[in-house]
Amino acid sequence: MSIETAERQDTAAVAPEQPMLEVKDLVVRYGRGRKAAAVPAAVDGVSFSILPGETVGLVGESGSGKSTIGKAILGLQKSAGGTIAYQGEDITHAGAAKRRALGGELRAVFQDPNSSLNPRQTVGASLAEPLRLRGVTAAEAREKSEAMLERVGLPREAVDRYPSQFSGGQRQRIAVARALICDPRLVVCDEAVSALDLSTQAQVLNLLADLRDERGLSYLFIAHDISVVQFLAQRVVVLYRGQVMESGPAAAVTEAPKHPFTQALVAASPVPRPAEQAQRRAAREALGVRTAAAVAVSPGGCPFSQRCPLATELCTSERPALRKVGASDVACHYA
Ligand SMILES: Nc1ncnc2c1ncn2[C@@H]1O[C@H](COP(=O)(O)OP(=O)(O)OP(=O)(O)O)[C@@H](O)[C@H]1O
Ligand code: SF4
Ligand SMILES: [Mg+2]
């Protein structure tokens, strides 16, 4: 091997992989004008990226801004600041034509399958719709729909039935089929398994994992339950009131959380075994974290300071920046 070739290979080895998605300093506000300025931003300076084939889990309590981030990525909600780049291209303010063009590559699965399945349309018609929009013939769309249904574990005949003729778990499989039928690159799964019972949840999670591995998909996997996120995600981002509290490799964040809020979230996560559940409850009480309802929004400093058992004066006066702690990034003065 010549020196020149060796050098070229070295350069290739260190070249960073282009993210499938890169979100930088994203800010999203609801409402307009003075009304919008009066309420805290729903998403307040959030950054993360997703590599090709990677699953990033987004967790946080209800109202922390998870769905708002998903909507901003999908172009369903305007951003007030920051950027969203898809495969290196800035799509933050992409217009309708660009969004339409991206529609096949950037898909979503929501908690309620009825949001993507029209109850008055057969399953086949719902699945064919995104394909027909992309110029696929009716016959080809039907064949693809049947094959996709088979892939998600349903009979091919399901094309001629209506959503109401299926169970909740089966309907969610149909929603997954509809999201994946156009061969997308990135799928936003927003509480995609949260409405399902535990065993159906496990089946749909396994299906999502298999499809990801087969097709090299990237997922933004949104859930309020950190143990569900842990199953699929390679990296986890923890949100609190629109801000990132901690992010890092899934094992580090879920098994050795550094931020007091992540610790509380892990301790609050339900587990199927009663003995372990009792241990978790004791750990949660020992942390001394107050409930969200018990406190008002912090006016400044760390957004978690009014609930945090470790809070000091510094916490209420200065917002902690994200900094490296072990393998994770943590926004806490004392982590
Ligand atoms: N359409 C809307 N108009 C005004 N405020 C909204 C709207 N949608 C969400 N919000 C507010 O924005 C914040 C974030 O909401 P979001 O739905 O993103 O939270 P979430 O983390 O997805 O919660 P959940 O776990 O309950 O789904 C909340 O304070 C919510 O009240
Ligand atoms: S910065 Fe202070 S209030 Fe915020 S999480 Fe850390 S210790 Fe708690
Ligand atoms: Mg939500």
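Here the dipole of region 50-99 is about 240 debye; that uses its Cα centre as origin and unit charges on the Cβ of Lys and Arg (positive) and Asp and Glu (negative).
Sequence-distant contacts, meaning Cα pairs under 8 Å at least 6 residues apart, place the relative contact order of the chain at 18 percent. Residue ranges 149-156, 254-261 sort as 254-261, 149-156 when ordered by packing (mean number of other C-beta atoms within 10 Å per residue, highest first). The value given for region 97-199 is a Kirkwood hydrodynamic radius of 13.7 Å, derived from the mean inverse Cα-Cα separation. Projecting the Cα positions of L106, A96, G75 onto the charge dipole of region 45-130 (unit charges on Cβ atoms of Lys, Arg, Asp and Glu, taken about the Cα centre) puts A96 furthest along the positive direction.
Would you mind counting up the charge near Y86? Only other residues with Cβ under 13 Å from its Cβ, with Lys and Arg at +1 and Asp and Glu at -1. Local charge sum for Y86: +1. The shape of region 105-144 comes out oblate: with a ≥ b ≥ c from the C-alpha gyration tensor, a/c is at least 1.5 while a/b does not beat b/c. Accessible surface calculations at 1.4 Å, restricted to protein heavy atoms, place region 129-195 at 44 Å² per residue. Note on E140 and T316: the extension gain reaches 57.3 nm, defined as 0.36 nm multiplied by sequence separation minus the Cα-Cα distance. Compactness of the chain is given as radius of gyration and Dmax, 21.6, 68 Å, from Cα positions.
Charges were assigned to the Cβ only: +1 to each Lys and Arg, -1 to each Asp and Glu. The resulting dipole of the chain about its Cα centre is roughly 1200 debye. Solvent exposure of region 214-258 amounts to 30 Å² per residue of accessible area, where only protein heavy atoms count and the probe is 1.4 Å. When a 1.4 Å probe is rolled over the protein heavy atoms, the share of accessible surface on region 69-197 that falls to carbon and sulfur comes to 48 percent.
The values are calculated or read from the model by the stated rules, or taken from the named source; none is laboratory data. What you are looking at is a predicted structure, and each value in this text was computed from that prediction instead of being measured. So basically every Cβ, Gly included, is an ideal-geometry build from the backbone, and we count neighbours across all protein chains shown. Ligands, DNA and RNA are excluded from the accessible area calculation, which covers all protein heavy atoms including side chains. Shrake-Rupley method; radii C 1.70, N 1.55, O 1.52, S 1.80 Å.
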